[in-house]
Amino acid sequence: MGQRWMRLAAIAATLIVAATVGAAGTLGRTVPTPATPTPADRPAWQSIELTDARTGETFSLGQFEGRTVFVEPMAVWCPPCGEQLANVREARAQLGPEEESFVFVALSSELGLSNDRLAHYADEMGFDWRFAVMSPDLLEALVDEFGRAVTVPPSTSHFTIRPDGSSTALKTGIEGTESLVESLREAAAPPR
């Protein structure tokens, strides 16, 4: 247990340092794509239980098999996160009826944030999709999968889980609406 807390402390320290000096070194970069899993070997992090801050319902990122899941790590104090999430809102609108085949999830990396505060933020900003606070286990697993950039909200990192459970590469930097729509459609397309 001591090693786990030391690792979480290291992650938190990385977040503080990166936020202080800026995430410029990771903006606009892409982390390599993880290997494509079969349904039997989906990453364990996809089954970690989350609570929707807006509805109180529990869910996991892996429960949406057959749908494309867009995941945006974020923080309520982060202006670039709000800008990126506004682009997500616009992308959802542009998808129109197609939007039903997608799931959108914003994950706060603020481990002590209350669901009420997160729900208030989502409602205040006009974001009507799933918002949840990451557990320490999920944060640690996402760092293992995608690297430390996922812990730096101003880097506006985001990734997509394909219908088969595989993930796209982690992207950083604010992605425009048109690019988001294109990336989502590409992730949803059957493998060639």
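Which of rounded, prolate or oblate describes region 60-110 when judged by the alpha-carbon gyration tensor and an a/c cut-off of 1.5? List each step's numbers first, then the result.
Numbers: a/c = 4.45, a/b = 1.33, b/c = 3.35.
Oblate.
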### Message
Please list, ordered by chain and number, the residues whose modelled amide H lies under 5 Å from the amide H of Glu110; skip anything fewer than 5 residues away on the same chain.
### Response
Met134
### Query
Along the positive direction of the dipole of region 43-93 (beta-carbon charges: Lys, Arg +1; Asp, Glu -1; about the Cα centre), which of Gln84, Ser60, Trp45 reaches farthest?
Gln84
### Summary
Computed for region 72-166: size of charge dipole around the Cα centre, +1 on C-beta of each Lys and Arg, -1 on C-beta of each Asp and Glu, debye to nearest 20, value 160 debye
### Sequence-distant residues sharing a close amide H with Phe131 (under 5 Å, placed H)
Ala53, Arg54, Ala106
### Message
Per residue, how much accessible surface does region 33-192 expose to a 1.4 Å probe? Answer in Å², no decimals.
### Response
42 Å²
### Message
Shape verdict for region 123-180, please, from the Cα gyration tensor: rounded (a/c under 1.5), prolate (a/b greater than b/c) or oblate.
### Response
rounded
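The values are calculated or read from the model by the stated rules, or taken from the named source; none is laboratory data. Quick caveat, the model's predicted, so the values are computed rather than measured. Note: ideal-geometry Cβ built from the backbone for every residue, glycine included; neighbour counts use all protein chains shown. We work out accessible area using only protein heavy atoms, side chains counted, and drop any ligands, DNA or RNA first. Shrake-Rupley method; radii C 1.70, N 1.55, O 1.52, S 1.80 Å.
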